[in-house]
Amino acid sequence: MYRRIRDLREDKDLTQAQMGKILSCSQRVYSNYERGDIDIPTAVLIKLADFHDVSVDYLLNRTDNPKTAR
């Protein structure tokens, strides 16, 4: 469900465990986010978008434009 989150992580050569540390969660929870097994909390979505310098809408596949509106 969240293919872009996985692709962005892989583009930076980061493991799920490393992303878990960045987001203050376990590797298992982060893996569940990527698979769409659990909904990503808004605060985590914002943190992911800021970390990857993309918009939340891009992460959620609401747009193909990764740029933020800032």
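The values are calculated or read from the model by the stated rules, or taken from the named source; none is laboratory data. Remember, it's a predicted structure, so these values are computed and weren't measured experimentally. Glycine also receives a Cβ, built like all others from the backbone with ideal geometry; neighbour counts cover every protein chain displayed. These area figures cover heavy atoms from the full protein model, side chains too; ligands, DNA and RNA do not enter into them. Shrake-Rupley method; radii C 1.70, N 1.55, O 1.52, S 1.80 Å.
Here are the numbers for this structure:
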item	result
Pair list, Cβ < 6 Å and 6+ apart or interchain, from the stretch 20-31 residues that are at positive phi to residues that are in a helix (DSSP H, G or I) and of a type outside the set (A, V, I, L, M, F, W, C)	none
Of all residues making up the stretch 57-70, the number that are under 9 Å from the mean Cα position of the chain (by Cα) and surrounded by fewer than 13 Cβ atoms within 10 Å (Cβ to Cβ)	0
Total residues in the stretch 7-32, condition open to solvent by 70 Å² or more (accessible area, probe 1.4 Å), within 23 Å of Asn65 (Cα to Cα) and in a helix (DSSP H, G or I)	2
Subset of the stretch 33-56 that is in a helix (DSSP H, G or I) and crowded, with 16+ Cβ neighbours inside 10 Å - its residue that is nearest to the chain's Cα centre (by Cα)	Leu48
Pairs, first among the β-branched types (Val, Ile, Thr) in the stretch 39-55, second open to solvent by 80 Å² or more (accessible area, probe 1.4 Å), C-beta under 8 Å, six or more apart	Val54/Lys67
